[in-house]
Amino acid sequence: MLSPSVLSDARLYELLLKFDGDLAARARRHGCRCGGVLHRADYARKPQGALSPLPAGYESRFSFCCAHDGCRQRTTPASIRYLGRKVYLGVVVVLVTAMRRGGGSVGELCAQLGVSRRTVARWRRWWQTAFATSAFWQAARGLLAGAIAIEALPGSLLARFDAPDERDRLIRLLDFIKPVTTSAWAHWEGISMGR
Ligand SMILES: [Zn+2]
């Protein structure tokens, strides 16, 4: 049973940050496509929705710029903290939209977080449209046994992950869907997702 209490778990935010740090380190080691060295060029962020103080590092979405003069290409590694340009953390978006629709606790949680019903509706639409029709999902759904109910995303996907607790299940889902957070996807995702 999904519960908002996971958002009060300080360890959750440490794990998400560590995960993103590892993804960024790997991207940096890999370097630019042109062979150039990558320099840090993070995007500033002010993420909302955590019910526990965030560790240092959440003020930025990790990103890099190629140091080679003729290139200067940006490389933004995948993230399990930020879903596109939303102001709320990815884990908040997943949790709120996976909780039973119209249930008492989801209403209370949204009130506590200052998330409007309109925003929740927009997030649900995002799962069912931009996410469900993405090249990522078209490929990824084939890796999962049986059909996943699109109208019940992301709860129907979350239920597929085996994990000792809710925190790990959420992390596994965010890890699975992280290709949708890469720069290749972001250009059109930004249009349909808004914040
Ligand atoms: Zn380059």
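Values in this text are rule-based calculations from the coordinates and carry no lab data. The model shown is predicted, which means the values in this text are computed figures rather than measured ones. When we count neighbours, we look across all protein chains shown, and the Cβ atoms used for this are built from the backbone with ideal geometry, even at glycine.
Take the Cα of ASP165, go 7 Å toward its beta carbon, and the backbone nitrogen atoms of the range 8-50 under 15 Å from that spot belong to 8-16. Straightening the chain between ARG85 and HIS68 buys 3.4 nm, computed as 0.36 nm per residue apart minus the Cα-Cα spacing. Considering only CYS65, LEU16, VAL6, and ranking their Cα positions along the charge dipole of the range 1-78 that arises from unit charges at the beta-carbon of Lys, Arg, Asp and Glu, the one farthest toward the positive end is CYS65. Spacing of the modelled spin labels on ARG118 and ARG29, each 7 Å from Cα toward Cβ, amounts to 4.6 nm.
Can you check what the net charge comes to around SER3, using other residues whose Cβ is under 15 Å from the Cβ of SER3 (Lys, Arg +1; Asp, Glu -1)? List each step's numbers first, then the result.
Working: positive: ARG100, ARG167, ARG169; negative: ASP9, GLU108, ASP165, GLU166, ASP168.
That sum, taken over residues with Cβ under 15 Å, equals -2.
Partners of LYS46 within straight-line reach, counting aspartates and glutamates whose Cα lies under 12 Å from its Cα and excluding those fewer than 8 residues away in the same chain: GLU59. With the biggest extent put first, the Cα atoms of the chain measure 55, 38, 33 Å across the principal axes. Summary of the geometry: the range 107-185 and the range 47-77, compared by the centres of their Cα atoms, lie 22 Å apart.
About its Cα centre, how strong a charge dipole does the range 3-79 have in debye, to the nearest 20, once Lys and Arg get +1 and Asp and Glu get -1 at the Cβ? Don't skip to the answer; put the middle values down first.
Numbers: 12 positive and 7 negative charges, 57 e Å.
Result for the range 3-79 is approximately 280 debye, rounded to the nearest 20.
Comparing GLY155, SER79, ALA135 along the charge dipole axis of the range 4-186, the residue lying farthest to the positive side is ALA135, per the Cβ-charge model. Place a point 7 Å from Cα of ARG11 in the direction of its Cβ. Which residues in the range 95-114 have their backbone N less than 11 Å from it? Label zone hits: none.
Rounded to the nearest 0.05, the FRET efficiency derived from the C-beta distance between SER3 and VAL37 at R0 = 41 Å is 0.35.
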